[in-house]
Amino acid sequence: MENLIRVTFLASILSVVVVGCGGGRKSESVAPRQTAEDTVIATVPQIVRGKVVEDTVIGHWTIKALKDSNDVIVGRHDWAVRDSSVFLTLSYDRNIVYSDKEIRTKDLVGNEGEYMMQWGGEVFWDSDSAVYLSFGCVLPDTDDGWNMLYQILPDGTSNIIVIDVYMGVDGFYVVADFMALYLNERAVGASPADLKRLYGQYCTKELAEELSAATFPIVSDDTDFRHAYKTIHIEPKDGFTGLPLEKYSFEVKFKPNPNDDNVTDILYMEVDGSTNKIIKIDSGERKVI
């Protein structure tokens with residue numbers, strides 16, 4: 001902030017009164033001078049060192065993630081921040097998967113200098129087949145950006161899973177998170193036990209029991225699960241009333257076959273407005289153009 005400097009001559013005595021924006025006053029005999037150190041701080045954003053974002057043992061996985069500033073400056077000529085990296089050490093059943101692996105914004109969104117890593121490295125989900133770390137990359141000083149999961153397999157293979165966000169729509173994130181995990185867990189051959197745990201996390205007890213008993217499929221077994229998620233589109237069906245509802249309805253579309261874009265599978269899902277649990281999944285509809 002700029003300081004308002006008022007100079008008043010009285011009885012041949014020079015006094016300089018600096019009035020701060022917060023209303024406080026301080027009398028000084030000389031005007032403040034900007035030091036070389038001040039200039040550096042003003043032009044080079046502060047470095048943040050060694051913030052531990054995850055240090056845990058969960059299932060087969062031992063995870064330590066450290067977030068640190070890096071050398072990339074993101075922002076405008078008049079306002080800028082340092083980007084961050086996550087340094088990940090990971091093992092599966094005591095077998096090292098990553099040792100101090102650096103994950104940067106460019107590894108998530110393909111480039112650096114435009115988006116900044118706002119958060120990253122926290123465990124979002126784990127199973128016998130994979131662990132999922134949460135990352136968010138945004139344009140500085142906005143909410144415009146990417147919400148994604150970094151899926152890691154025991155052999156070190158990784159996949160980026162972008163999660164769509166429909167701002168202001170109740171129940172949407174439940175469907176979006178569930179479908180992201182379900183399709184990508186199916187893609188890596190998740191066990192029935194891990195899928196059962198997933199159902200219990202996002203669905204009502206009654207629906208979770210139906211899904212665990214395999215009384216009906218969410219998607220057909222011949223689906224290319226990776227391609228299905230890459231082509232997924234989730235649409236709220238209740239409009240934007242802004243009022244709380246007993247349940248929220250969604251239509252979920254995706255392409256099950258990478259070699260045939262004319263085929264679209266459709267799910268209809270409902271979310272309980274009071275518990276944020278999925279209460280109904282109608283599946284099996286297929287459209288061929």
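Odds and ends about this structure:
- Qualifying residue in the range 212-221 (condition: of a type in the set (A, V, I, L, M, F, W, C) and within 22 Å of the chain's Cα centre (by Cα)): no
Conditions tested, residue by residue: (1) in the same structural domain as residue 194 (by the TED database); (2) open to solvent by 40 Å² or more (accessible area, probe 1.4 Å); (3) of a type in the set (Ser, Thr, Tyr); (4) modelled with pLDDT under 95.
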position	(1), (2), (3), (4)
27	no, yes, yes, yes
36	no, yes, no, yes
41	no, yes, no, yes
62	no, yes, yes, no
108	no, no, no, no
113	no, no, no, yes
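Residues are listed down the side, and each one gets a yes or a no for (1) assigned to a helix (DSSP H, G or I); (2) within 15 Å of the chain's Cα centre (by Cα); (3) farther than 29 Å from residue 182 by Cβ:
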position: 63; (1), (2), (3): no, no, no
position: 83; (1), (2), (3): no, no, yes
position: 88; (1), (2), (3): no, no, no
position: 97; (1), (2), (3): no, no, no
position: 117; (1), (2), (3): no, yes, no
position: 121; (1), (2), (3): no, yes, no
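- Test result for residue 219, at pLDDT below 95 and not assigned by the TED database to the domain that holds residue 149: yes
- Residue 134 being buried (at least 17 other Cβ atoms within 10 Å of the Cβ), over 9 Å from the mean Cα position of the chain (by Cα) and in contact (Cβ under 8 Å) with a residue 12 or more places away in the chain: no
- Condition check for residue 126: under 25 Å from residue 181 (Cβ atoms) and under 19 Å from the mean Cα position of the chain (by Cα): yes
- In the range 172-184 there is no residue that is in contact (Cβ under 8 Å) with a residue 40 or more places away in the chain, of a type outside the set (Phe, Trp, Tyr) and open to solvent by 20 Å² or more (accessible area, probe 1.4 Å).
- When 246, 251 are checked against the criterion of being assigned by the TED database to the domain that holds residue 179, closer than 15 Å to residue 169 by Cα and open to solvent by 60 Å² or more (accessible area, probe 1.4 Å), a single residue qualifies: 246.
- Filtering 94, 82 for residues that are among the charged types (D, E, K, R), open to solvent by 40 Å² or more (accessible area, probe 1.4 Å) and over 21 Å from residue 139 (Cβ atoms) leaves a single hit, 94.
The values are calculated or read from the model by the stated rules, or taken from the named source; none is laboratory data. Keep in mind the model is a prediction, meaning the values are calculated, not measured. Cβ sites come from the backbone with ideal geometry, for glycine too, and all protein chains shown count toward neighbours. Surface accessibility is based on the protein's heavy atoms, side chains included, excluding ligands, DNA and RNA. Shrake-Rupley method; radii C 1.70, N 1.55, O 1.52, S 1.80 Å.
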